[in-house]
Amino acid sequence: MNTIYQTKAVATGGRDGKVVSEDGVLNLDVRVPKSMGGAGGAYTNPEQLFAAGYAACFDSALNHIARLERKKIQSKVTATVGLQMEEATGFNIIVTMDVEITGVEKSVAQELLAKAHATCPYSKAIRNNVEVTLNLVEA
């Protein structure tokens with residue numbers, strides 16, 4: 001297999017620290033959200049970063065599949081990432097993907113959505129390990 005891209009990010013301080021990409025483009029302070037007992041404020045957290053990455057990757061996969069099938073679409077992907085606490089196993093991530101697809105009939109949009117989920121690298125990475133709910137929503 002041929003690696004076509006790779007990058008690095010360094011985290012220091014965990015949920016009360018900093019994340020920096022190797023090129024410095026990503027350089028963010030990370031804090032525990034208020035809902036988890038942190039101070040809150042204008043900081044990011046691992047779940048926000050995951051939601052942003054997954055949404056962007058999924059939208060790219062969706063548009064790639066549409067191009068392959070010669071379908072002209074417009075799309076918007078909203079990823080909601082939750083952190084759950086389970087007594088037996090600890091923390092779990094759950095994801096809901098709300099996807100708007102216009103330019104094709106609903107049945108075609110549903111097929112594109114399923115194919116995107118089958119090919120998106122994020123979806124493949126977490127398959128059978130993270131609960132993902134896919135919703136085709138109206139624009």
Of (1) on the phi < 0 side of the Ramachandran plot; (2) touching a helix residue (DSSP H, G or I) at 6+ places or on another chain (Cβ under 9 Å); (3) not assigned by TED's automatic domain parsing to the domain that holds GLY17, THR96 satisfies every one except (2)
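I'd like the full set of residues that are basic (Lys, Arg) and surrounded by 15 or more Cβ atoms within 10 Å (Cβ to Cβ), limited to region 115-139. Before the answer, list the steps.
Of all residues in region 115-139, those basic (Lys, Arg) come to 115, 124, 127.
Result: LYS115, single match.
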All-but-one check, VAL19 against (1) in a strand (DSSP E or B); (2) over 20 Å from the mean Cα position of the chain (by Cα), failing number (2)
Margin query: Can you say whether LYS76 is touching a residue at least 24 places away in the same chain (Cβ under 8 Å), basic (Lys, Arg) and either within 29 Å of HIS117 (Cα to Cα) or not assigned by TED's automatic domain parsing to the domain that holds ALA114 (or both), as far as the supplied structure shows?
Written below: yes
query = Looking at region 64-76, is at least one residue of a type outside the set (Gly, Ala, Ser), in a strand (DSSP E or B) and closer than 22 Å to PRO121 by Cα?
reply = yes
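Test GLN84 against the stated conditions and say whether it is surrounded by 12 or more Cβ atoms within 10 Å (Cβ to Cβ) and either of a type outside the set (Gly, Ala, Ser) or closer than 27 Å to LYS18 by Cα (or both). So that I can check it myself, show each step before the final result.
Numbers: surrounded by 12 or more Cβ atoms within 10 Å (Cβ to Cβ): no; either of a type outside the set (Gly, Ala, Ser) or closer than 27 Å to LYS18 by Cα (or both): yes.
Here the answer is no, as GLN84 does not meet what is asked.
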Considering only region 91-114, I want to know if a residue exists there that is surrounded by fewer than 13 Cβ atoms within 10 Å (Cβ to Cβ) and within 27 Å of VAL32 (Cα to Cα).
yes
Restricted to region 29-54 and to residues being touching a helix residue (DSSP H, G or I) at 6+ places or on another chain (Cβ under 9 Å) and part of a helix (DSSP H, G or I), the residue nearest to THR102 (Cα to Cα) is TYR54
The number of residues in region 88-106 that are over 24 Å from ARG67 (Cα atoms), in contact (Cβ under 8 Å) with a residue 24 or more places away in the chain and of a type in the set (S, T, N, Q) is 2
Quiz item: Just a yes or no: is a residue in region 45-62 touching a residue at least 24 places away in the same chain (Cβ under 8 Å) and more than 18 Å from the chain's Cα centre (by Cα)?
Solution: no
Among residues of region 103-134 being touching a helix residue (DSSP H, G or I) at 6+ places or on another chain (Cβ under 8 Å) and not in a helix (DSSP H, G or I), the residue nearest to ALA56 (Cα to Cα) is CYS120
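The values are calculated or read from the model by the stated rules, or taken from the named source; none is laboratory data. Remember, predicted model here, so these are calculated numbers, not experimental data. Methodologically, a virtual Cβ is constructed for each residue, glycine included, from the backbone with ideal geometry; neighbour enumeration extends over all protein chains shown.
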